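K.L.:
I have a structure I would like to understand better, so I am pasting it below and will then ask my questions one at a time.
The values are calculated or read from the model by the stated rules, or taken from the named source; none is laboratory data. All figures in this text were calculated on a predicted structure; none of them were measured in a lab. Cβ placement follows ideal geometry from the backbone for every residue including glycine, while neighbour counts extend to all protein chains displayed.
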């Protein structure tokens, strides 16, 4: 699925922020490795945790915006959780027609089937 299927402006901003957060994550990991004193270590841990929180928030935003994947998964799901079963329509289809045939209206609600041709019955008997 092409990313521009989604809102073009959103995906552009998302990609830019995602790349910047990934870079910040790498820099914060490097700061953790280079921290010498307890104060530096504490500051580096806080910064790294904050970057990780931002990355998590970005992932949640992306999951919410990924509507096309949800639509595809729903379409592939063999047992839909919503909708009306076709068997409900089919089983009810005979009911209203029977009621109509009982009506005593002067006009026909349906066309009667044609009478079989005598030639057809002769062919079947021979």
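K.L.:
Could you grab the pairs with beta carbons closer than 7 Å, sequence gap of 6+ or different chains, first residue in segment 63-81 and at negative phi and at pLDDT 75 or above, second one surrounded by 10 or more Cβ atoms within 10 Å (Cβ to Cβ) and part of a loop (DSSP other than H, G, I, E, B)?
P.N.:
Close Cβ pairs (under 7 Å, with a partner that is surrounded by 10 or more Cβ atoms within 10 Å (Cβ to Cβ) and part of a loop (DSSP other than H, G, I, E, B)) amount to 65/6.
K.L.:
If you don't mind, there's one more thing I want to ask. State which residue pairs qualify: first residue closer than 15 Å to residue 63 by Cβ and inside segment 1-16, second residue at pLDDT below 75 in any location, beta carbons under 7 Å apart, and separation of 6 or more residues or different chains.
P.N.:
Pairs that qualify, where the first residue is closer than 15 Å to residue 63 by Cβ and the partner is at pLDDT below 75, are 1/68; 11/3; 11/4.
K.L.:
Got at least one residue in segment 102-115 being touching a helix residue (DSSP H, G or I) at 6+ places or on another chain (Cβ under 7 Å), at pLDDT below 75, farther than 27 Å from residue 20 by Cα and not in a helix (DSSP H, G or I)?
P.N.:
We begin by selecting, within segment 102-115, every residue touching a helix residue (DSSP H, G or I) at 6+ places or on another chain (Cβ under 7 Å); these are 109.
From what is left, the residues that are at pLDDT below 75 are 109.
Cutting the leftovers down to farther than 27 Å from residue 20 by Cα gives us 109.
Going one step further and asking which of them are not in a helix (DSSP H, G or I), we end up with 109.
Taking every residue of segment 102-115 in turn, at least one turns out to be touching a helix residue (DSSP H, G or I) at 6+ places or on another chain (Cβ under 7 Å), at pLDDT below 75, farther than 27 Å from residue 20 by Cα and not in a helix (DSSP H, G or I).
K.L.:
Could you run through segment 28-42 and say how many residues are outside any loop (DSSP other than H, G, I, E, B) and surrounded by 13 or more Cβ atoms within 10 Å (Cβ to Cβ)? I'd like the intermediate steps shown before the answer.
P.N.:
At the first step, the residues of segment 28-42 found to be outside any loop (DSSP other than H, G, I, E, B) are 28-34, 38-42.
Going one step further and asking which of them are surrounded by 13 or more Cβ atoms within 10 Å (Cβ to Cβ), we end up with 28-29, 31-32, 40-41.
So the answer is 6.
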